[in-house]
Amino acid sequence: ECDHLEDLVYMGRLCRMVERKPVKLDHTSLVEHPRDKRCIIEWISTDGGRKRDYFTWKILDEKVKNAKSGMVMGCVIDNFNELDYD
(Lines give C-alpha, C1' and ligand atoms only; values in the text may rest on other atoms or scores of the structure.)
Protein backbone atom coordinates (compact mmCIF):
# COMPACT_ATOMS: atom_id res chain seq x y z
CA GLU A 1 0.00 0.00 0.00
CA CYS A 2 1.21 3.47 -0.83
CA ASP A 3 -0.03 6.90 -1.88
CA HIS A 4 1.24 6.52 -5.45
CA LEU A 5 -1.06 6.38 -8.46
CA GLU A 6 -0.73 3.43 -10.82
CA ASP A 7 0.84 4.10 -14.24
CA LEU A 8 2.64 7.26 -13.07
CA VAL A 9 6.42 7.52 -12.83
CA TYR A 10 7.99 8.13 -9.40
CA MET A 11 11.76 8.70 -9.15
CA GLY A 12 12.24 7.14 -12.59
CA ARG A 13 10.18 4.01 -11.86
CA LEU A 14 6.72 3.18 -13.21
CA CYS A 15 4.20 2.52 -10.45
CA ARG A 16 2.32 -0.77 -10.99
CA MET A 17 -0.03 -2.68 -8.70
CA VAL A 18 1.21 -6.20 -8.10
CA GLU A 19 -1.03 -8.95 -6.79
CA ARG A 20 1.00 -11.02 -4.36
CA LYS A 21 -0.09 -14.59 -3.77
CA PRO A 22 1.40 -16.95 -1.20
CA VAL A 23 3.35 -19.84 -2.68
CA LYS A 24 3.66 -23.12 -0.80
CA LEU A 25 6.95 -24.92 -1.34
CA ASP A 26 7.45 -28.60 -0.68
CA HIS A 27 11.15 -28.26 0.14
CA THR A 28 14.09 -25.97 -0.38
CA SER A 29 17.84 -25.89 0.12
CA LEU A 30 19.90 -23.38 2.03
CA VAL A 31 23.22 -22.73 0.34
CA GLU A 32 26.21 -20.59 1.19
CA HIS A 33 26.25 -18.72 -2.13
CA PRO A 34 22.67 -18.50 -3.52
CA ARG A 35 22.26 -17.92 -7.22
CA ASP A 36 19.11 -15.85 -6.73
CA LYS A 37 19.35 -13.51 -3.75
CA ARG A 38 15.72 -12.35 -3.83
CA CYS A 39 14.50 -15.06 -1.41
CA ILE A 40 14.79 -13.66 2.12
CA ILE A 41 14.17 -15.63 5.32
CA GLU A 42 11.83 -13.69 7.65
CA TRP A 43 11.51 -16.16 10.52
CA ILE A 44 12.41 -19.68 11.62
CA SER A 45 10.72 -22.01 14.08
CA THR A 46 11.98 -22.68 17.60
CA ASP A 47 11.95 -26.06 19.34
CA GLY A 48 8.88 -24.83 21.25
CA GLY A 49 6.94 -24.23 18.03
CA ARG A 50 7.12 -20.43 18.06
CA LYS A 51 8.50 -18.07 15.43
CA ARG A 52 11.93 -16.46 15.82
CA ASP A 53 12.61 -13.29 13.82
CA TYR A 54 15.59 -14.11 11.60
CA PHE A 55 16.93 -10.53 11.60
CA THR A 56 16.59 -9.63 15.28
CA TRP A 57 16.70 -13.19 16.66
CA LYS A 58 13.81 -12.29 19.01
CA ILE A 59 11.21 -14.94 19.74
CA LEU A 60 7.82 -13.73 18.51
CA ASP A 61 4.43 -14.28 20.12
CA GLU A 62 3.19 -16.14 17.05
CA LYS A 63 3.12 -19.92 16.94
CA VAL A 64 4.08 -21.83 13.81
CA LYS A 65 0.97 -23.21 12.08
CA ASN A 66 0.98 -26.84 10.96
CA ALA A 67 4.48 -27.40 12.30
CA LYS A 68 5.57 -31.00 12.05
CA SER A 69 9.02 -32.27 12.90
CA GLY A 70 12.06 -30.30 11.78
CA MET A 71 12.61 -26.61 11.20
CA VAL A 72 9.97 -24.47 9.54
CA MET A 73 10.76 -21.07 8.05
CA GLY A 74 8.87 -18.20 6.49
CA CYS A 75 10.42 -16.51 3.47
CA VAL A 76 9.65 -13.65 1.13
CA ILE A 77 10.44 -13.98 -2.54
CA ASP A 78 10.65 -10.56 -4.16
CA ASN A 79 9.47 -10.21 -7.78
CA PHE A 80 8.38 -13.85 -8.03
CA ASN A 81 7.33 -13.47 -11.68
CA GLU A 82 10.93 -12.60 -12.59
CA LEU A 83 12.81 -15.33 -10.69
CA ASP A 84 15.57 -17.08 -12.55
CA TYR A 85 14.94 -20.80 -12.92
CA ASP A 86 17.05 -23.61 -14.25
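The values are calculated or read from the model by the stated rules, or taken from the named source; none is laboratory data. These numbers were taken from a predicted model, which means no experiment stands behind them. Glycine also receives a Cβ, built like all others from the backbone with ideal geometry; neighbour counts cover every protein chain displayed. Only protein heavy atoms, including side chains, enter the accessible area calculation; ligands, DNA and RNA are left aside. Shrake-Rupley method; radii C 1.70, N 1.55, O 1.52, S 1.80 Å.
Please verify whether the range 63-77 includes one or more residues that are among the β-branched types (Val, Ile, Thr), modelled with pLDDT of 85 or more and in a loop (DSSP other than H, G, I, E, B). Looking through the range 63-77, at least one residue is among the β-branched types (Val, Ile, Thr), modelled with pLDDT of 85 or more and in a loop (DSSP other than H, G, I, E, B). Name every residue in the range 32-47 that is part of a loop (DSSP other than H, G, I, E, B) and either under 16 Å from the mean Cα position of the chain (by Cα) or modelled with pLDDT under 85 (or both), in order of residue number. Answer for the range 32-47, where residues must be part of a loop (DSSP other than H, G, I, E, B) and either under 16 Å from the mean Cα position of the chain (by Cα) or modelled with pLDDT under 85 (or both): Pro34, Arg35, Asp36, Lys37, Arg38.
Of all residue pairs spaced 6 or more apart or on separate chains, those with beta-carbon atoms under 8 Å, a first member in the range 28-45 that is touching a residue at least 24 places away in the same chain (Cβ under 8 Å) and a second member that is surrounded by 13 or more Cβ atoms within 10 Å (Cβ to Cβ) and part of a loop (DSSP other than H, G, I, E, B) are Ile41/Tyr54; Glu42/Tyr54; Trp43/Tyr54; Ile44/Tyr54; Ile44/Val72; Ser45/Val64; Ser45/Ala67; Ser45/Val72. Cβ separations smaller than 8 Å between residues 6+ apart or across chains give the following pairs from the range 53-64 residues that are open to solvent by less than 100 Å² (accessible area, probe 1.4 Å) to residues that are of a type in the set (Gly, Ala, Ser): Val64/Ser45; Val64/Gly49.
Can you tell me which residue is farthest from the chain's Cα centre (by Cα) among those in the range 48-60 that are of a type in the set (Lys, Arg) and within 16 Å of Met71 (Cβ to Cβ)? The selected residue is Arg50. Of the residues making up the range 15-49, just one is of a type in the set (Val, Ile, Thr), surrounded by 10 or more Cβ atoms within 10 Å (Cβ to Cβ) and closer than 30 Å to Leu5 by Cβ, namely Ile40.
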